[in-house]
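Below is one structure, written out as structure tokens; the observations come after it.
The values are calculated or read from the model by the stated rules, or taken from the named source; none is laboratory data. None of the values given here were measured: they were computed from a predicted structure. Neighbour counts run over all protein chains shown; Cβ positions are idealised from the backbone, glycine included.
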Amino acid sequence: MNKTDIKSMNMEELRAAVTEMGLPSFRAAQIYRWLHKTGAESFDEMTDLSLSLREKIGYNFVIFSSSIEKKLISEYNDTVKYLFRLHDGEFIESVLMKYSYGYTLCVSSQAGCRMGCSFCASALGGFSRNLAASEMLAQIYSAQRDMSIRVSHIVLMGMGEPLDNYENVTRFIELASSEEGLNIGMRNISLSTCGIVPKIYELMKTKPQFTLSVSLHAPNDVLRSEIMPVNKKWGVEELLRACREYAKVTSRRVSFEYAMIDSFNDTPENALELAGRLRGILCHINLIPLNEVREGEYKGSPRDRVDAFARVLSEKGFAVTVRRRLGADINASCGQLRRGNSAAVAGR
Ligand code: SAH
């Protein structure tokens, strides 16, 4: 019999399940607390349940566990990168970043990725499978337990394309923000997408209050299609139309990510074209000097060009930030560690 992944269930489903097992419904709240507040990894830890009850639950349900395969700490001590091994032997990565306002965890949504962006290490490692909501939560619980800290912010910017795993990702956000769980405020959650346009429309129907980040990286189709295959399906104009609509419907600023690639997309003319495209969209622009993942291919733009680019955009009235590069010394860009792990790539 296939056991049900209990940590992916919301309170309502858990209540229905315990009732069906003939248990009083308060047991659901008890179990949920163990799973999501304490971060229990086995039913044996649930000491306020009788042994026979634990056995009964364990017969129907499973708590997926993941173990830390590798852990790298950056020399500035502000970034920790984890490689987790999942119950079926897959590997995923998460990055814990320390900011003045708290800890942010960069969470993976898939083992691998099928979007194929040419500058991204996750694409190079190939795609294995979607992660369950419980496996996204487990990244947070493991990091918290390992470092004895609380994570206050989540960015879905690890491996994978969140909108390519829509159901599990939205469930993960529901669970992580639940009062009985981590209770992380929607304003402290960001979801980053390479631009799966139909899913952006689907998402906006629910009027989400978390931040939508869009990996734009280029002001036009010629440049964007060269580095992001997804652009051949949904071009810049179609994507930006969805973003404009999203900002209107949700009254939330869309955040555009723009990786600055040396002599590719980083001239003042590129900045002007971008400004023209984004005019009138309630947004924020985040410039990130590209992290080089494959030697000799793409390089990050030099700082002065990033600053000049930022200046053009702010003169045009846009809110722009240049992202601090945390963890470059520990290969903190998504996918770099999974790929570097020989066990992780064996058999692919
Ligand atoms: N699939 C999602 C989320 C994962 S990647 C997306 O595409 O948005 C998180 C961010 O890191 C994206 O903006 C992605 O384009 C960017 N990124 C990937 N590789 C990078 C690299 N080598 N240097 C800088 N940013 C990179």
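Among the numbered conditions (1) within 24 Å of I92 (Cβ to Cβ); (2) modelled with pLDDT of 95 or more; (3) not acidic (D, E), the only one that R279 does not meet is (1). All conditions but one from (1) more than 9 Å from the ligand (Cβ to nearest atom); (2) surrounded by fewer than 24 Cβ atoms within 10 Å (Cβ to Cβ); (3) within 14 Å of the chain's Cα centre (by Cα) apply to S213; the one that does not is (1).
Here's the yes/no breakdown for (1) more than 26 Å from D78 (Cβ to Cβ); (2) surrounded by 24 or more Cβ atoms within 10 Å (Cβ to Cβ); (3) of a type outside the set (F, W, Y):
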position: S122; (1), (2), (3): no, yes, yes
position: S128; (1), (2), (3): yes, no, yes
position: A133; (1), (2), (3): yes, yes, yes
position: A138; (1), (2), (3): no, yes, yes
position: S148; (1), (2), (3): no, no, yes
position: H153; (1), (2), (3): no, no, yes
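Within the stretch 104-135, the residues that satisfy the criterion of being over 16 Å from I68 (Cβ atoms) and part of a helix (DSSP H, G or I) are A121, S122, A123, L124, A133, S134. Only a single item in (1) more than 10 Å from the ligand (Cβ to nearest atom); (2) assigned to a helix (DSSP H, G or I) is not met by L163, and it is number (1).
Checking M157 against (1) away from the ligand (no atom under 14 Å from the Cβ); (2) surrounded by fewer than 24 Cβ atoms within 10 Å (Cβ to Cβ), which single condition isn't satisfied? Going through (1) away from the ligand (no atom under 14 Å from the Cβ); (2) surrounded by fewer than 24 Cβ atoms within 10 Å (Cβ to Cβ) one by one, M157 breaks only (1). Does the stretch 95-112 contain at least one residue that is surrounded by fewer than 19 Cβ atoms within 10 Å (Cβ to Cβ), among the charged types (D, E, K, R), within 17 Å of the chain's Cα centre (by Cα) and within 16 Å of the ligand (Cβ to nearest atom)? Among the residues of the stretch 95-112, not one is surrounded by fewer than 19 Cβ atoms within 10 Å (Cβ to Cβ), among the charged types (D, E, K, R), within 17 Å of the chain's Cα centre (by Cα) and within 16 Å of the ligand (Cβ to nearest atom), which makes the answer no. The residues of the stretch 281-316 that are under 27 Å from the mean Cα position of the chain (by Cα) and among the small types (G, A, S), listed by number, are G300, S301, A310. Residues that are assigned to a helix (DSSP H, G or I), among the basic types (K, R) and touching a helix residue (DSSP H, G or I) at 6+ places or on another chain (Cβ under 7 Å) occur in the stretch 48-69; there is at least one.
Of all residues in the stretch 175-214, which are out of contact with any Cys (no Cβ under 9 Å at 6 or more places or on another chain) and of a type in the set (V, I, T)? Give the derivation first.
First, pick out the residues of the stretch 175-214 that are out of contact with any Cys (no Cβ under 9 Å at 6 or more places or on another chain): 175-193, 196-199, 201-211, 213.
Hits for the stretch 175-214 are I184, I189, T193, I196, V197, T206, T211.
Within the stretch 58-68, the residues that satisfy the criterion of being crowded, with 16+ Cβ neighbours inside 10 Å, modelled with pLDDT of 90 or more and closer than 18 Å to Q144 by Cβ are I63, F64. Pairing residues of the stretch 95-108 that are farther than 20 Å from L131 by Cα and free of Cβ contacts under 8 Å to residues at least 60 places away in the same chain with residues that are β-branched (V, I, T) and surrounded by fewer than 21 Cβ atoms within 10 Å (Cβ to Cβ), at Cβ distances under 7 Å and at least 6 apart in sequence or on separate chains, gives Y103/I149. Residues of the stretch 113-154 that are of a type in the set (V, I, T) and either touching a residue at least 60 places away in the same chain (Cβ under 8 Å) or within 14 Å of the ligand (Cβ to nearest atom) (or both): I154 alone.
Would you be able to say whether some residue in the stretch 230-249 is in contact (Cβ under 8 Å) with a residue 24 or more places away in the chain, out of contact with any Gly (no Cβ under 9 Å at 6 or more places or on another chain) and within 13 Å of the ligand (Cβ to nearest atom)? No, there is no match, as no residue in the stretch 230-249 is in contact (Cβ under 8 Å) with a residue 24 or more places away in the chain, out of contact with any Gly (no Cβ under 9 Å at 6 or more places or on another chain) and within 13 Å of the ligand (Cβ to nearest atom). Once the stretch 167-206 is narrowed to residues that are hydroxyl-bearing (S, T, Y) and more than 18 Å from Q139 (Cα to Cα), the residue that is farthest from the ligand (Cβ to nearest atom) is T206.
Give the number of residues within the stretch 184-199 that are surrounded by fewer than 17 Cβ atoms within 10 Å (Cβ to Cβ) and not hydrophobic (A, V, I, L, M, F, W, C).
In the first step, residues of the stretch 184-199 are kept if they are surrounded by fewer than 17 Cβ atoms within 10 Å (Cβ to Cβ); the result is 185-187, 198.
This time we only want the ones that are not hydrophobic (A, V, I, L, M, F, W, C), so: 185, 187, 198.
Result for the stretch 184-199: 3.
Evaluation of N286 against the conditions (1) without any contact (Cβ under 8 Å) to a residue 12 or more places away in the chain; (2) within 9 Å of the ligand (Cβ to nearest atom); (3) not β-branched (V, I, T) shows that the sole unmet condition is (1).
In this structure, is V249 assigned to a helix (DSSP H, G or I), closer than 27 Å to G116 by Cβ and β-branched (V, I, T)? I'd like the intermediate steps shown before the answer.
Details: assigned to a helix (DSSP H, G or I): yes; closer than 27 Å to G116 by Cβ: no; β-branched (V, I, T): yes.
No; evaluated as a whole, the condition is false for this residue.
For the stretch 243-260, the tally of residues that are surrounded by fewer than 22 Cβ atoms within 10 Å (Cβ to Cβ) and among the aliphatic types (A, V, I, L, M) stands at 2.
Condition first: more than 18 Å from G158 (Cα to Cα), in contact with a Ser or Thr (Cβ under 7 Å, 6 or more places away or on another chain) and in a loop (DSSP other than H, G, I, E, B). Can you find one or more residues in the stretch 79-88 that meet it? Before the answer, list the steps.
Filtering the stretch 79-88 for residues more than 18 Å from G158 (Cα to Cα) gives 87-88.
Those still in the list that are in contact with a Ser or Thr (Cβ under 7 Å, 6 or more places away or on another chain) too: 87.
In the following step, the residues that additionally are in a loop (DSSP other than H, G, I, E, B) were identified as 87.
Yes: the stretch 79-88 contains one or more residues that are more than 18 Å from G158 (Cα to Cα), in contact with a Ser or Thr (Cβ under 7 Å, 6 or more places away or on another chain) and in a loop (DSSP other than H, G, I, E, B).
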